[in-house]
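Below is one structure; the comments refer to it alone.
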Number of protein chains: 2
Amino acid sequence: MSEPDDEAEVMFANGAFYAAFAARDVDAMEQLWARIAPVACTHPGWNVLQGREPVMASWRAILTSPNAPEVECSSAMVHLLGGVAYVTCVEAVSGARLAATNVFVREDGEWRMVHHHAGPIAMPPEQTPTPKDQLN
Amino acid sequence: MSEPDDEAEVMFANGAFYAAFAARDVDAMEQLWARIAPVACTHPGWNVLQGREPVMASWRAILTSPNAPEVECSSAMVHLLGGVAYVTCVEAVSGARLAATNVFVREDGEWRMVHHHAGPIAMPPEQTPTPKDQLN
């Protein structure tokens with residue numbers, strides 16, 4: 001499979017993640033995470049969750065909550081590393097802008113999510129920071 | 001090479017990143033990032049930086065700043081995905097706790113960093129969140 005195909009497939013997998021999130025579709029969310037590779041997830045402000053069961057439990061809790069947020073993804077960029085890829089993107093979540101890193105692995109012929117990390121963006125879009133603006 | 005060796009090597013590479021950061025060692029920082037694989041970096045609160053040059057420029061600015069923060073890494077966990085690995089860990093940065101995701105790729109026989117993403121943790125260590133605590 002050529003790299004353009006991989007890139008399109010990873011972009012599709014990333015889109016499927018946000019579609020499941022936006023639709024509060026627990027089954028779709030469970031389908032798109034890896035079953036073999038080691039899974040972790042860092043929700044905004046949370047300590048990292050390790051392993052498929054805690055991660056799936058967190059998504060079940062979030063997606064079935066009456067407070068489940070609206071979410072939209074933009075500026076997605078795929079970075080291919082062979083059978084692994086990471087995507088950087090911006091999430092608009094209930095009026096806040098978050099920076100997200102999503103890691104995917106090719107497993108059983110599908111690109112599946114192994115890690116999601118989202119956290120707040122404190123600056124306007126595209127602004128170039130100066131050292132004093134940040135911690136590391 | 002066996003998986004335990006890979007895990008130890010990735011843990012070492014992650015440690016080298018924090019050693020370079022703590023020592024404000026620009027040359028060491030430049031050495032440990034990938035030269036071939038696609039690089040990105042999301043500093044806390046920043047928009048993501050794409051590509052080796054912008055990422056290295058950000059580290060040069062941070063490490064040479066009089067405001068460069070102290071940093072310590074704890075709770076590092078390596079997740080192997082073949083020739084790629086991601087590490088989750090906690091950073092103590094000037095009194096704040098940050099969740100970090102660090103992605104490494106084996107390149108020219110070395111594990112090199114391709115992506116760093118750090119953002120604030122809002123809850124005490126090891127606390128289990130409830131859905132209302134977070135956004136996604």
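The values are calculated or read from the model by the stated rules, or taken from the named source; none is laboratory data. This structure is a prediction, so every number in the text was calculated from the model and none was measured. Ideal geometry is used to build each Cβ from the backbone, glycine not excepted, and the neighbour counts take in all protein chains shown. These area figures cover heavy atoms from the full protein model, side chains too; ligands, DNA and RNA do not enter into them. Shrake-Rupley method; radii C 1.70, N 1.55, O 1.52, S 1.80 Å.
So the values come out like this:
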{"quantity": "Dipole magnitude (debye, nearest 20) for chain B, charges at Cβ of Lys, Arg, Asp, Glu", "calculated": "540 debye"}
{"quantity": "A from B by rotation - nearest chain B beta carbon to the axis, in Å", "calculated": "B:GLY119, 1"}
{"quantity": "Partner chain coverage, peptide A:50-59 - average Cβ within 10 angstrom", "calculated": "1"}
{"quantity": "Amide H contacts under 5 Å for A:VAL39, placed H, 5+ residues apart", "calculated": "A:GLY51, A:ARG52"}
{"quantity": "Portion, in percent, of the accessible area of segment A:10-53 that falls on carbon or sulfur, probe 1.4 Å", "calculated": "61 percent"}
{"quantity": "Per-pair calculated FRET efficiency, R0 = 35 Å: A:ASP27 and B:ALA23 via Cβ, rounded to 0.05", "calculated": "0.15"}
{"quantity": "Assigned charges on the beta-carbon of Lys, Arg, Asp, Glu; the protein assembly as shown dipole about Cα centre (debye)", "calculated": "760 debye"}
{"quantity": "Inter-copy spacing of A:PRO66 label points, which lie 7 Å from Cα along Cα→Cβ, given in nm from shortest upward", "calculated": "5.4"}
{"quantity": "Value of [θ]222 nm, deg cm²/dmol, for the protein assembly as shown, DSSP H segments ≥ 4, -39500 (n - 2.57) each, nearest 500", "calculated": "-9000 deg cm²/dmol"}
{"quantity": "Rg over Rh, two decimals, the protein assembly as shown (C-alpha only, Kirkwood Rh)", "calculated": "0.93"}
{"quantity": "Formal net charge of residues neighbouring B:ALA118 (Cβ-Cβ distance under 11 Å; K, R +1; D, E -1)", "calculated": "0"}
{"quantity": "Heavy-atom accessible surface that A and B bury in contact, both chains counted, 1.4 Å, Å² to 100", "calculated": "4100 Å²"}
{"quantity": "Cα-centre dipole for segment B:31-107 with unit charges at Cβ (Lys and Arg positive, Asp and Glu negative), debye to 20", "calculated": "180 debye"}
{"quantity": "Estimated vicinal HN-Hα couplings, Hz - segment B:81-88 in sequence order (Karplus 6.51, -1.76, 1.60; Gly, Pro = x)", "calculated": "10, x, x, 10, 8, 10, 10, 9"}
{"quantity": "At 7 Å out from Cα toward Cβ: B:PHE12 inter-copy label distances (nm, ascending)", "calculated": "4.1"}
{"quantity": "Local electrostatic count at A:ALA37 - Lys and Arg +1, Asp and Glu -1, tallied over other residues with Cβ under 9 Å", "calculated": "+1"}
{"quantity": "Inter-chain Cβ neighbour average for residues B:118-125, partner chain, 10 Å", "calculated": "5"}
{"quantity": "Label geometry 7 Å along the beta-carbon vector: A:GLY95 inter-copy distances in nm", "calculated": "2.9"}
{"quantity": "Relative contact order computed over chain A (Cα-Cα under 8 Å; 6+ residues apart), in percent", "calculated": "24 percent"}
{"quantity": "Cα radius of gyration and Dmax for segment B:63-105 (Å)", "calculated": "12.7, 39"}
{"quantity": "Whole-Hz couplings from phi, Karplus 6.51/-1.76/1.60, listed for segment A:32-48; x for Gly and Pro", "calculated": "8, 8, 4, 9, 9, 5, x, 9, 8, 7, 10, 6, x, x, 7, 6, 5"}
{"quantity": "Dimensions in Å of segment B:1-128 - Rg and Dmax from alpha carbons", "calculated": "14.2, 43"}
